[in-house]
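Below is one structure, written out as structure tokens, with a few remarks after it.
Bear in mind that the values in this text are calculations on the coordinates, not laboratory data. Predicted model, so just to flag it, every value in this text is computed and none were measured. For neighbour counting, all protein chains shown are included, and Cβ atoms are generated from backbone atoms with ideal geometry for every residue, glycine included.
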Amino acid sequence: MNQNITIIPENSDLISNLIRAVHRFYPLGFEFINEQFDGYQELKTIVDRKIKQVIENTIPEELLRLEIELKNLFTGLPLYFDVHRNFPSYSVAIEIGKVEFPEFEKVQRLSLKISLLTNCYTFFLEEIIKHTSVTNSFGHPHFTVVISQNLQTESVRRIKEIVTECFPTYQFVDPKILFSIKTNGVPYGQDHSDPKRDYSLFDFLFDSAPYINSSLSL
């Protein structure tokens, strides 16, 4: 584990639980890869069960209720339930703004992440900029993701109430904590070719691929 981790006193129990969850599912401090670790096999079972629920249309009742409540709260706004994502979490995004320019488009979304590896959830505002004139090595448009906590107080309060009603055993985690605490290891879905790279608690427990190269403003 990264020796520079600082435990914030008022959040020490919560952070300790998050760190224990990472150690439970990932072989941090060991010389072998994820696939050789029993905890990682347990993680894969969780992902397989989640995907099976999607295929068989047996989505958990609490998630269906969450979708209904959020649609009622954000009436008229595009809402995306990415339950099919190949990661042990549920991802929900509410598009609250979109602006198009000749060379890029900018989308603002409220992003909610509910982990299946620990009883915690988080949410934040993300600004996704699609650079239509800039492409990567595969010819796909380049994206920039900027994450911040610039949320309206009333929206924060209502989202917390709704998630608590649907997932009563879950608690909110400040995204600043999740993105700022890092350790080495390889989150689910990432390549082992750079094993010494540090990843955040968010990458291990909530989601990884869309946020690996994100800019943070927390």
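Along the range 16-33 the Karplus relation, 6.51 cos²θ - 1.76 cosθ + 1.60 evaluated at θ = phi - 60°, assigns HN-Hα couplings of 4, 5, 5, 5, 4, 5, 4, 5, 5, 9, 10, x, 5, x, 9, 8, 9, 7 Hz to successive residues, with x for each Gly and Pro. Amide H contacts under 5 Å for Phe104: Thr132, restricted to partners 5 or more places along the chain or on a different chain, H placed in the peptide plane at 1.01 Å from N. Taking amide H as placed 1.01 Å from N in the peptide plane, the amide H of Ser89 sits under 5 Å from that of Leu116, each at least 5 places away or on another chain. Cβ-to-Cβ counts within 10 Å put Glu35, Glu105 in ascending order as Glu35, Glu105, the fewest first.
Residues in the range 53-67 carry Karplus couplings, in order, of 4, 5, 5, 8, 6, 10, 4, x, 4, 5, 6, 5, 5, 4, 4 Hz; the curve used is 6.51 cos²θ - 1.76 cosθ + 1.60 with θ = phi - 60°, and Gly or Pro positions show x.
Residue by residue, the range 197-204 carries 3J(HN,Hα) couplings of 6, 8, 10, 8, 4, 4, 4, 7 Hz when phi is fed to the Karplus relation 6.51 cos²θ - 1.76 cosθ + 1.60 (θ = phi - 60°); x denotes Gly or Pro.
Remark: Tyr199, Tyr170 ranked as Tyr170, Tyr199, counting other beta-carbon atoms within 10 Å and listing the fewest first.
Within straight-line reach of Lys52, meaning a Cα separation under 27 Å, sit the following lysines at least 8 residues removed in sequence or on another chain: Lys44, Lys71, Lys113.
Cβ crowding within 10 Å, taken as a proxy for footprinting-reagent exposure, orders Leu66, Leu201, Leu77 from fewest neighbours to most as Leu77, Leu66, Leu201. Distant-in-sequence amide contacts of Tyr26, defined by a placed amide H-H separation under 5 Å and a gap of 5 or more residues or a different chain, comprise nothing.
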